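Notes follow once the structure below has been shown.
The values are calculated or read from the model by the stated rules, or taken from the named source; none is laboratory data. No experiment lies behind these values; they were computed from the predicted model shown. Every residue, glycine among them, receives a Cβ derived from its backbone with ideal geometry; neighbour counts consider all protein chains shown.
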Ligand code: 5RP
């Protein structure tokens, strides 16, 4: 089974948790896209749900699949968010934002009663950090913010190259919120919860890709089958 088939299997398992009438957070990325397509099939067969997309790309995909959408201004809470991840550790903490949607993804996850993370088993790690950590920043004062990020990383014993993410046009990648992203190539983050709070304290940082305590369930699809890990 190839990686796309594994991602689709994880997405299908998450879909089992979706009930009629639910308000859903809808994630971003290639794994979430499988979920959107499968959800669309169910909607066309009569399932009644409403979704909040975590990016403009997801909005377009969901609309194409016939999924009714709303906003967090129009509704109070979400029952469930289904989203992918770049890394998941054994505490179910995550690195997200490889697709650049971390800010909306975190806002939506925080407004949800449950978050199911769907992934192929290659995303499961002992220690977060091999995947470069995305940090969404304000363009103003970039160099000062970068130095503050460096200091925060050093405080938890994580060092590495900080790289401004490029877009397809060769200029800085711009998020849906109009911000830029610094990818921190740290290799290993010894204390992710501490780094998360240090990064949140930096004025030029809008949000970072460490999702600490958000995931309730992780669905991992591997060649041996599907493994579901629940938060203890
Ligand atoms: C986007 C994300 C994605 O969930 C993450 O990058 C995983 O993507 P994929 O399913 O394509 O591996 O955080 O901002």
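Please go through the stretch 88-98 and pick out each residue that is surrounded by fewer than 24 Cβ atoms within 10 Å (Cβ to Cβ) and touching a strand residue (DSSP E or B) at 6+ places or on another chain (Cβ under 9 Å).
Keep residues of the stretch 88-98 that are surrounded by fewer than 24 Cβ atoms within 10 Å (Cβ to Cβ), which gives 89-93, 98.
Once the filter is applied, which keeps residues that are surrounded by fewer than 24 Cβ atoms within 10 Å (Cβ to Cβ) and touching a strand residue (DSSP E or B) at 6+ places or on another chain (Cβ under 9 Å), the stretch 88-98 yields 89, 90, 92, 93, 98.
Limited to the stretch 178-226, what total is found for residues that are assigned to a loop (DSSP other than H, G, I, E, B) and either over 26 Å from residue 12 (Cβ atoms) or in contact (Cβ under 8 Å) with a residue 24 or more places away in the chain (or both)?
Within the stretch 178-226, residues that are assigned to a loop (DSSP other than H, G, I, E, B) and either over 26 Å from residue 12 (Cβ atoms) or in contact (Cβ under 8 Å) with a residue 24 or more places away in the chain (or both) number 19.
Do the conditions hold for residue 74, that is, is it in a loop (DSSP other than H, G, I, E, B), within 23 Å of residue 178 (Cβ to Cβ) and out of contact with any strand residue (DSSP E or B) (no Cβ under 7 Å at 6 or more places or on another chain)?
Spelling it out, residue 74 is indeed in a loop (DSSP other than H, G, I, E, B), within 23 Å of residue 178 (Cβ to Cβ) and out of contact with any strand residue (DSSP E or B) (no Cβ under 7 Å at 6 or more places or on another chain).
If I filter the stretch 33-52 down to residues being in contact with a strand residue (DSSP E or B) (Cβ under 9 Å, 6 or more places away or on another chain) and farther than 24 Å from residue 3 by Cα, which single residue comes out as surrounded by the fewest Cβ atoms within 10 Å (Cβ to Cβ)? Break it down stepwise before answering.
As a first pass, look at the stretch 33-52 and keep what is in contact with a strand residue (DSSP E or B) (Cβ under 9 Å, 6 or more places away or on another chain): 34-36, 39, 49-52.
Checking the rest, the ones that are also farther than 24 Å from residue 3 by Cα come to 49-52.
Details: 49: 19, 50: 15, 51: 25, 52: 25.
The extreme case among them is 50.
Exactly one of these conditions fails for residue 222: (1) outside the structural domain of residue 108 (by TED's automatic domain parsing); (2) closer than 19 Å to residue 131 by Cβ. Give me its number.
(1)
Determine whether the stretch 157-169 contains at least one residue that is within 13 Å of residue 93 (Cβ to Cβ) and at pLDDT 95 or above.
There is no residue in the stretch 157-169 that is within 13 Å of residue 93 (Cβ to Cβ) and at pLDDT 95 or above.
Could you say which residue among 195, 199, 210 is farther than 27 Å from residue 56 by Cβ, surrounded by 20 or more Cβ atoms within 10 Å (Cβ to Cβ) and at pLDDT 95 or above?
None of the others qualify; the one that does is 195.
Applying the selection to the stretch 7-22, what residues are in contact with a helix residue (DSSP H, G or I) (Cβ under 8 Å, 6 or more places away or on another chain) and either outside the structural domain of residue 43 (by TED's automatic domain parsing) or farther than 15 Å from residue 85 by Cα (or both)?
Residues satisfying the conditions are 12, 15, 18.
Any idea which residue in the stretch 68-84 is nearest to the ligand (Cβ to nearest atom), counting only those that are closer than 17 Å to residue 229 by Cβ and surrounded by 24 or more Cβ atoms within 10 Å (Cβ to Cβ)?
Among them, the one singled out is 84.
Would you point out the residue of the stretch 16-67, among those that are in a loop (DSSP other than H, G, I, E, B) and within 16 Å of the ligand (Cβ to nearest atom), that is nearest to residue 122 (Cα to Cα)? Even if it seems obvious, please write down each step before you answer.
Initial filter on the stretch 16-67 (in a loop (DSSP other than H, G, I, E, B)): 16-22, 27-29, 45-49, 54-55, 65-67.
Now narrow it down to the ones that are within 16 Å of the ligand (Cβ to nearest atom): 27-29, 54-55.
On the way: 27: 19, 28: 18, 29: 15, 54: 23, 55: 24 Å.
Among those residues, the one meeting the criterion is 29.
Going through 113, 120 one at a time, which residue ends up being assigned by TED's automatic domain parsing to the domain that holds residue 223 and crowded, with 21+ Cβ neighbours inside 10 Å?
On the way: 113 fails: crowded, with 21+ Cβ neighbours inside 10 Å.
From the options 113, 120, the qualifying one is 120.
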